[in-house]
Amino acid sequence: MEVVLDLYSQEHDEDEPLINMDEASIELQGHLYEPINMEPNQDKKEDYHYTREGVQALFMFFDPNRGWRRVSNRDHRTRVDWAEEVRQLLDVDYPQARKVKLVCDNLNTHNIASLYEAFPAPVAHRLARRLEIYHTPRNGSWLNVAEIELSILSKQCLARRIPTSEQLKLELLNWQQERNHSASKVIWRFSTEDARVKLQHLYPVFEEEESLNFNATF
């Protein structure tokens with residue numbers, strides 16, 4: 001936890017940007033009965049029955065200091081999918097960065113081995129040398145500010161029926177462009193010192209007597 005908190009407190013420049021990433025899924029839903037469009041003095045009417053049209057994986061990459069984000073949808077959430085998204089991040093989104101500091105949760109797909117599964121060794125090695133991964137601890141996903149951005153996406157864009165992956169891709173692109181235009185950032189103020197005070201229950205307890213005995217012995 002403290003490693004991630006210390007990372008947030010540091011300065012990050014264009015040469016070594018801080019990027020948060022997170023994943024989610026969304027069920028595609030269509031209308032069983034066509035809704036009745038809104039008219040003057042009449043709200044739009046939508047039947048509660050719907051059709052299931054499959055599931056899409058969402059990949060969110062967020063630069064909290066720059067106020068930039070990219071979100072994409074895929075059919076799966078495999079190692080190869082993650083690796084291809086990371087390659088997009090390194091080669092297209094941040095091609096000039098010497099190293100990207102990537103904060104993500106500790107899924108088994110979020111590691112350097114995924115790059116070698118997706119690409120030839122020279123390509124995977126080139127990407128790995130520019131990637132520095134910081135995993136949030138188990139039950140500590142709240143440390144990843146990409147979760148905040150996913151929550152905003154869910155409320156502003158996904159809280160309705162979207163029937164196809166193509167429409168989902170278009171909706172995500174429109175939302176992304178609007179958010180990037182406003183350059184909405186996250187200012188993280190919870191520090192390592194704060195954690196030691198407010199989250200004492202997460203730290204080991206050392207008995208004062210044991211500490212004194214230790215000092216006396218050595």
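The values are calculated or read from the model by the stated rules, or taken from the named source; none is laboratory data. From a predicted model like this one, the values you see are computed outputs, not experimental measurements. In this analysis, Cβ positions are derived from the backbone assuming ideal geometry, glycine residues included, and neighbour counts consider all displayed protein chains.
Worth a mention:
- Single match in ASP47, ASP81 (criterion: acidic (Asp, Glu), under 20 Å from GLU27 (Cα atoms) and at pLDDT 95 or above): ASP81
- Restricting the stretch 118-142 to residues that are buried (at least 16 other Cβ atoms within 10 Å of the Cβ) and aromatic (Phe, Trp, Tyr), the residue that is modelled with the highest pLDDT: PHE119
- ASP105 vs. criteria among the charged types (D, E, K, R) and modelled with pLDDT of 95 or more: no
- Residues of the stretch 94-114 that turn out to be assigned to a loop (DSSP other than H, G, I, E, B), charged (D, E, K, R) and within 14 Å of the chain's Cα centre (by Cα), as a count: 1
- Selection status of LEU89, in a strand (DSSP E or B) and either of a type outside the set (S, T, N, Q) or in contact with a Leu (Cβ under 9 Å, 6 or more places away or on another chain) (or both): no
- Exclusive hit being surrounded by 19 or more Cβ atoms within 10 Å (Cβ to Cβ) and under 16 Å from ARG70 (Cβ atoms), set LEU172, LEU115: LEU172
- Per the listing VAL145, VAL123, VAL186, VAL197, the residue uniquely out of contact with any Pro (no Cβ under 6 Å at 6 or more places or on another chain) and closer than 20 Å to LEU89 by Cβ is VAL123.
- Some residue of the stretch 29-49 being in contact with a helix residue (DSSP H, G or I) (Cβ under 6 Å, 6 or more places away or on another chain), surrounded by 15 or more Cβ atoms within 10 Å (Cβ to Cβ) and not aliphatic (A, V, I, L, M): no
- The residue list ALA159, ALA128, ALA97, ALA183 contains one member that is among the small types (Gly, Ala, Ser) and more than 19 Å from PHE61 (Cα to Cα), which is ALA159.
- When LEU127 is tested against (1) under 26 Å from VAL186 (Cα atoms); (2) touching a residue at least 40 places away in the same chain (Cβ under 8 Å), only condition (1) is not met.
- Selected residue (criterion: surrounded by the most Cβ atoms within 10 Å (Cβ to Cβ)) from residues of the stretch 50-73 that are in contact with a helix residue (DSSP H, G or I) (Cβ under 9 Å, 6 or more places away or on another chain) and more than 29 Å from ASP15 (Cα to Cα): GLN56
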